[in-house]
Amino acid sequence: MSQVTIFNNVEHLPPDALFDIKKRLSQDTRPVKVDLGIGAYRDNSGKPWVLPSVRSAESQLQKDPNFNHEYLPIAGLPSFTTGAAKTIFGDDYDSTRVISVQSISGTGALHIAAKFIEKILPGRIVYLSNPTWPNHKAIFEGQRLTTAQYPYWNASTKSLQLDGFLDTVKTAPEGSIFVLHACAHNPTGLDPSKDQWAQILDKMVEKNHIVLFDSAYQGFATGDLDRDAYAVRLGLTKLQKVAPVFVCQSFAKNVGMYGERVGCFHLVIPDQSVEINASVKASLSSQLAKIVRSEVSNPPAYGAKIVSTILNTPELNKQWHADMVTMSSRINSMRHQLRDHLVELGTPGNWDHIVGQCGMFSFTALTPEMVQRLEQNHAVYMVSSGRASIAGLNEGNVLYVAKAIDEVVRHFTNSNNSKL
Ligand SMILES: Cc1ncc(COP(=O)(O)O)c(C=O)c1O
């Protein structure tokens, strides 16, 4: 039979919400427009920023007479994966229980995790925070895994819904997989306190759950890479005798190399005896190598070499930590300026949550209708959930954005008494 018409009824899917914002913005001819959509750092003039540590590492690499474009090993560049593990676990991590494979940024690490779970742990439910980065659901369900949600954001108090979260951990089938944002939760910008982390992780231990930490913003919550690894390190300590821990690590944001796709998947095996650890590690390494080989054959080299140079050269590492402070403190200053302008303008509602939140985003509590009006009337773009990438604000546009929010909030407050 002819195959000519086989694609005629294929469903046309809607465009990706985030990348569609970028498209609309680039087609917008208004002179003043503000991009608070995608989570990418911008400097105070609204431009992408190449970190000084990255510039130095690149020039160091280019001067290296041994530099080449050969294939990397299947598991990636060893100096990169070891450096990545030390960055998230601390210098004295137990390498006998950690398998690290290079990935196509954070998304690729999550994809490896999903494939691994589907193959080795089929039937486990994967719990995602409500709300979460929308791609989480797509990645896990794309591997035919079942996902469920745990409560996270309490919209009325703009704080963590800890009781609901803990209840779900308690009632989930034993050995379920919980995806936790390691820090700077996307989209809410709201992280558990140290005490709340302890309660959450203790409950995971009680139910023998498997925690998958998604670490896409290390350094953006506090400006300090070690402090932002707090939850992961606590999780490893608490869960070491109980269950494996997965970590999906992205270097897109904290090294500012979004398009180079540098990331790492770490699997920490539970601690048994030295012999068993070694044999489990060897078997699982072989399984992960097979996944990587069939997906990308071997990971891309260039970005990993830059990040490895930064991680393994003490002066560059120091510079990177300073670059992180530059980025996170500029974002923090923008949070304060936005909140202060809204307060000065007398914008209806309380705006303190903007400064209480951390990382790149603020969950502004603007409704989808408000977000739409912001775009239509003021050329201020953000996702319909009301998540604003604070990195898109700068000294030149923050007052403009505050005034735009003020107009929009007043419009809806007057028309239907919408509460913020
Ligand atoms: C929570 C979260 N996880 C993972 C990622 C993956 O990022 P990338 O694939 O660019 O490293 C992102 C990116 O926005 C994210 O927000």
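The values are calculated or read from the model by the stated rules, or taken from the named source; none is laboratory data. Note that the structure is a prediction, hence the values are computed from the model and not measured. Quick reminder, even Gly has a Cβ in these numbers, built from the backbone with ideal geometry, and neighbours come from all protein chains shown. All accessible areas refer to the heavy atoms of the entire protein, side chains included, with ligands and DNA or RNA removed. Shrake-Rupley method; radii C 1.70, N 1.55, O 1.52, S 1.80 Å.
Could you sort K253, K137 by accessible area so the largest value comes first, with the probe set to 1.4 Å? It would help to have the intermediate numbers written out before the result.
Details: K253 35, K137 105 Å².
Largest accessible area first, the list is K137, K253.
Assuming 1.567 mPa s and 4 °C, estimate D for region 37-171 with Stokes-Einstein, Rh taken as the Kirkwood radius over Cα pairs, in µm²/s.
69 µm²/s
Here the spin labels are modelled as points 7 Å beyond Cα on the Cα-Cβ line, and at H69 and L234 they lie 4.6 nm apart.
If the chain linking S415 and K86 were pulled fully straight, counting 0.36 nm for each residue of separation and taking away their Cα-Cα distance, it would gain 113.0 nm. Using the Cβ-Cβ distance between E174 and L18 with R0 = 56 Å, the FRET efficiency computed as 1/(1 + (r/R0)^6) comes to roughly 0.95.
For the chain, the longest principal axis of the Cα atoms and the long axis of helix 368-378 meet at an angle of about 60 degrees. On region 71-312, 52 percent of the accessible area sits on carbon and sulfur atoms, based on a 1.4 Å probe.
Length gained on full extension, D43 to S273, computed as 0.36 nm times the residue gap minus the Cα-Cα distance: 77.8 nm. At q = 0.13, 0.21 Å⁻¹, work out log10 I(q)/I(0) for region 352-420 with the Debye formula, treating every Cα as an identical point scatterer and leaving solvent out; two decimals please. Values, matching the q order: -0.34, -0.90.
Taking the DSSP bridge list for the chain and keeping only pairs wholly inside it, about 50 percent are antiparallel.
Its Cα gyration tensor gives region 173-233 an equivalent ellipsoid. The semi-axes, each the square root of 5 times an eigenvalue, are 21, 12, 10 Å from largest down. Ordering of 372-380, 298-306 by packing is 298-306, 372-380, highest average first (other Cβ atoms within 10 Å, averaged per residue). The value obtained for region 20-110, namely the Cα convex hull volume divided by the number of residues, is 196 Å³ per residue.
The C-alpha atoms of the chain define a longest principal axis, and helix 302-312 lies at about 80 degrees to it. Computed from Cα atoms, the angle from the helix 230-239 axis to the main principal axis of the chain rounds to 40 degrees. Dimensions of region 71-312 along the principal axes, based on C-alpha atoms and rounded to the nearest Å, stand at 51, 38, 35, largest first. Peptides 237-245, 23-31, 213-221 ranked from most to least packed, by the mean per-residue count of other Cβ atoms within 10 Å: 213-221, 237-245, 23-31.
Using a simple spin-label model with pseudo-atoms 7 Å out from Cα toward Cβ, S95 and S193 lie 3.9 nm apart. Translational diffusion coefficient of region 210-330 (Stokes-Einstein, Kirkwood radius from Cα pairs, 4 °C, 1.567 mPa s): 80 µm²/s.
Against the 2.2 N^0.38 Å scaling, with N counting residues, where does region 98-201 land? I'd like the Cα-based Rg ratio to two decimal places.
Values: Rg = 14.1 Å, N = 104, 2.2 N^0.38 = 12.8 Å.
Working it through for region 98-201, the quotient is 1.09.
Given a Förster distance of 25 angstrom, what is the FRET efficiency for R227 paired with E407, based on the Cβ-Cβ distance and rounded to 0.05? Working shown, then result.
Details: r = 38 Å, r/R0 = 1.52.
FRET efficiency, R227 to E407: 0.10.
Using 0.36 nm times the number of residues separating S159 and V325, minus their current alpha carbon distance, what extension gain do you get? Mind showing how you got there, number by number?
Numbers: separation 166, 0.36 × 166 = 59.76 nm, distance 2.56 nm.
Result: 57.2 nm gained on full extension.
Think of the chain as a dipole: +1 on every Lys or Arg Cβ, -1 on every Asp or Glu Cβ, centred on the Cα centre; then among H321, L374, L267, L374 lies furthest on the positive end.
Y230 sits with roughly 80 Å² accessible to a 1.4 Å probe, with DNA, RNA and ligands left out of the calculation.
Each helix, a run of at least 4 DSSP H residues, gives -39500 (n - 2.57); summed and divided by the residues of the chain, these come to -14500 deg cm²/dmol at 222 nm.
The share of C-alpha pairs in region 31-75 whose separation exceeds 14 Å stands at 69 percent. Take the alpha carbon atoms of region 351-408, find their center, do the same for region 222-284, and report the distance between the two centers in whole angstrom. The two parts, judged by their Cα centres, are 33 Å apart.
Kirkwood hydrodynamic radius, computed over distinct alpha-carbon pairs, for region 292-415: how many Å, to one decimal? Walk me through the numbers before you get to the answer.
On the way: mean 1/r = 0.0595 Å⁻¹.
With all distinct Cα pairs of region 292-415 included, I get 16.8 Å.
On the principal axes of its alpha carbon atoms, the chain extends 69, 64, 56 Å, with the longest extent given first. For W49, the residues whose modelled amide H falls within less than 5 Å of its own, excluding neighbours fewer than 5 places apart on the same chain, are D43. A 25 angstrom limit on the alpha carbon distance is what I want to check against. Which of K115/K318; K119/K241; K170/K253 exceed it? Pairs exceeding the cut-off: K115/K318; K170/K253.
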